[in-house]
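Written out below as structure tokens is the structure these notes cover.
Each value in this text was obtained by applying a stated rule to the coordinates, not by laboratory testing. Here the structure is a predicted model, which means the values were calculated and not measured. Quick reminder, even Gly has a Cβ in these numbers, built from the backbone with ideal geometry, and neighbours come from all protein chains shown.
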Amino acid sequence: MLNELLQRAAQLDRVGMHLLRYGTVLVLLWIGGLKVYKYEADGIVPFVANSPLMSFFYHFDAPEYRQYMNREGQVVPENRAWHEANHTYPFALGLGAVICAIGVLIALYPWFPTLSALGSFLCFSMSLVTLSFLITTPETWVPDLGGPEHGFPLLSGAGRLVVKDVIMLGASVVTMADAARRALTSQ
């Protein structure tokens, strides 16, 4: 009985690859698409503002953003005006377009495996940048608000969001290798 279950499980690798590839595409398109909404653009400000790789996209330096953050679903006109001046929304639109383009490239696997491999490589690179936020963004760790539980290794909600990119990193390597293998065999 166990042997039969293991044999069936061993045959699921292609199904798993498709789930991994198109699950990655779904996440990229969804997260990239959300960048058109101001609440999502507001939410990425701490990551971008604190990143030495990305902070130049914004007009104002960190940590000035802290006093202008909107909670998800909240609209404070003065805060939105600050984000307009900061270039928060145009940056988010550009980032969303790039993320969606990466998703589309990965989705092209059946027709253009070389482009799909490129998309997976770009996803890998993007995941490395995202994971760097664990080092550069103070909001990824539980803050010291007087209690005994704060700082490393205690991830905040933002930190838990970022650390999941380790999975995206692995998925992109696996889908890149699979697409590259197919591209090489179809030449």
Signed unit charges on C-beta, dipole axis of the range 60-136, positive-most listed residue Ser132, Ala85, Pro63
Ser132
Given the DSSP H assignment, sum -39500 (n - 2.57) over each helix run of at least 4 residues in the chain and divide by its residue total; what's the result at 222 nm in deg cm²/dmol, nearest 500?
-21500 deg cm²/dmol
GNM on the chain, C-alpha springs below 10 Å: top fluctuator among Asp144, Asp165, Asp42?
Asp144
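Roughly what percent of Cα-Cα pairs across the range 15-118 reach past 16 Å?
In whole percent, the long-distance tail amounts to 61.
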Can you run the Rg to Rh ratio on the range 116-179? Use alpha carbon positions and the Kirkwood inverse-distance Rh.
1.16
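Which of Leu19, Leu29 comes first, and how do the rest follow, when ranked by fewest Cβ neighbours within 10 Å?
The fewest-first ordering by Cβ neighbours comes to Leu19, Leu29.
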Give the Cα extents of the chain along the principal axes, in whole Å, largest first.
59, 40, 28
Mind ranking 119-127, 134-142, 71-79 by how tightly packed they are, going by the mean number of other C-beta atoms within 10 angstrom, highest first?
119-127, 134-142, 71-79
Would you mind pulling out the separation of the Cα centroids of the range 40-85 and the range 6-37, in Å?
31 Å
Roughly how big is the range 14-185's charge dipole about its Cα centre, with Cβ charges of +1 (Lys, Arg) and -1 (Asp, Glu), in debye to the nearest 20?
780 debye
